[in-house]
Structures are given as C-alpha cells and as structure tokens.
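Undergrad: This is the structure I have questions about; it appears just below.
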Amino acid sequence: MSNKENKLIKKALATRSDKFWELYIDPESDTFGNVKESAMAAGFSKHWSTQLTYKKPEWFDEKVRDLRFISKAEKNLKKFLDMDTQNPIVTKDGEVLTKEDPALGRLKLDATRFVLERLYKKKWSPRTEIAVTAFSLADLHKVKVVEGEVVED
C-alpha cells in the first residue's frame with residue numbers, strides 16, 4: 001500500500017471516528033449513548049460496530065479518556081468559580097477581618113471569562129467571525145488590488 005493510500009485510509013477513519021463520537025455523546029442524537037448504532041450511523045460496518053467496545057481501538061480509548069478529563073476539569077472549574085476570594089486577617093487587637101485577595105480575584109475573573117468566551121461565544125467571545133462568499137478562480141482574474149483596495153479590472 002502506498003503512502004498516499006495510507007493517508008487516505010487514516011483520514012477516512014478519523015472522519016468516521018469523529019462522526020461516531022459526535023453521535024454517541026450528543027443527547028439530541030437518535031443514537032445517543034448507543035455504541036453500536038452510533039458506529040453504524042457513522043459508516044462503520046455492522047460487524048465492526050458490534051466489536052467496537054470489545055476491541056477498543058486507540059482512538060476510542062482516547063475519546064473516553066478525554067471525556068473523563070473534561071468531566072474532572074468541569075468539576076474543578078465549578079469549585080474554582082465558587083471559591084471565596086476573601087482572606088482572614090487578624091489585627092493586633094485580635095479582631096478577625098476579611099480582605100479581598102487581588103490574586104485570587106484575578107484568577108477567578110480569568111476563569112469566569114474563559115468559561116463565558118467558550119460556552120457563550122455569541123455574547124462573550126472577543127473573536128469576530130467573518131463571512132466569506134464563494135468565488136471561482138475566473139473571478140480572481142477580473143479584479144486587482146489598487147492602494148490596498150480590491151477593484152474590478
């Protein structure tokens with residue numbers, strides 16, 4: 001088998017495994033949580049679909065491991081976002097006061113921003129999406145750039 005054929009096979013497998021995973025973990029999917037049905041819907045054979053959890057290919061184990069890491073990270077993030085940023089301070093008189101810890105406050109703010117930018121992108125993401133319309137190569141021959149502006153030729 002040639003190197004090019006090898007790359008095509010790996011790409012096809014990656015596409016199918018990604019599709020399988022999307023179907024398997026998406027609660028809106030008709031095959032949610034069902035390995036066999038998700039695998040068949042993603043294009044795997046019926047035989048391979050029934051053997052998937054038994055054979056456990058490397059990509060499958062990686063996806064399961066990633067899911068566990070994500071779950072742990074979400075628990076840690078929740079704990080961190082709920083964390084108190086006040087530190088107790090004892091005065092010379094023995095009185096206990098609390099003072100905002102700026103370092104903890106900054107970390108909490110950064111974590112909050114991180115969550116909002118990723119989970120509520122539409123409102124909080126600093127990234128701006130740019131829509132690009134399709135064009136043909138023939139269209140490129142009809143334009144030129146003059147002083148940084150695209151103009152029709």
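The values are calculated or read from the model by the stated rules, or taken from the named source; none is laboratory data. Keep in mind the model is a prediction, meaning the values are calculated, not measured. We place every Cβ from the backbone using ideal geometry, glycine too, and count neighbours over all the protein chains shown.
Undergrad: I want to confirm something. Restricting to segment 36-80 and keeping residues that are modelled with pLDDT of 85 or more and not in a helix (DSSP H, G or I), which single residue is farthest from Arg16 (Cα to Cα)?
TA: Pro57
Undergrad: List pairs: first in segment 53-74 and surrounded by 10 or more Cβ atoms within 10 Å (Cβ to Cβ), second modelled with pLDDT of 85 or more and not hydrophobic (A, V, I, L, M, F, W, C), Cβ under 7 Å, 6+ apart or cross-chain?
TA: Close Cβ pairs satisfying both conditions: Trp59/Ser17.
Undergrad: Look at segment 31-72 and say how many of its residues are more than 22 Å from the chain's Cα centre (by Cα) and of a type in the set (Asp, Glu).
TA: 1
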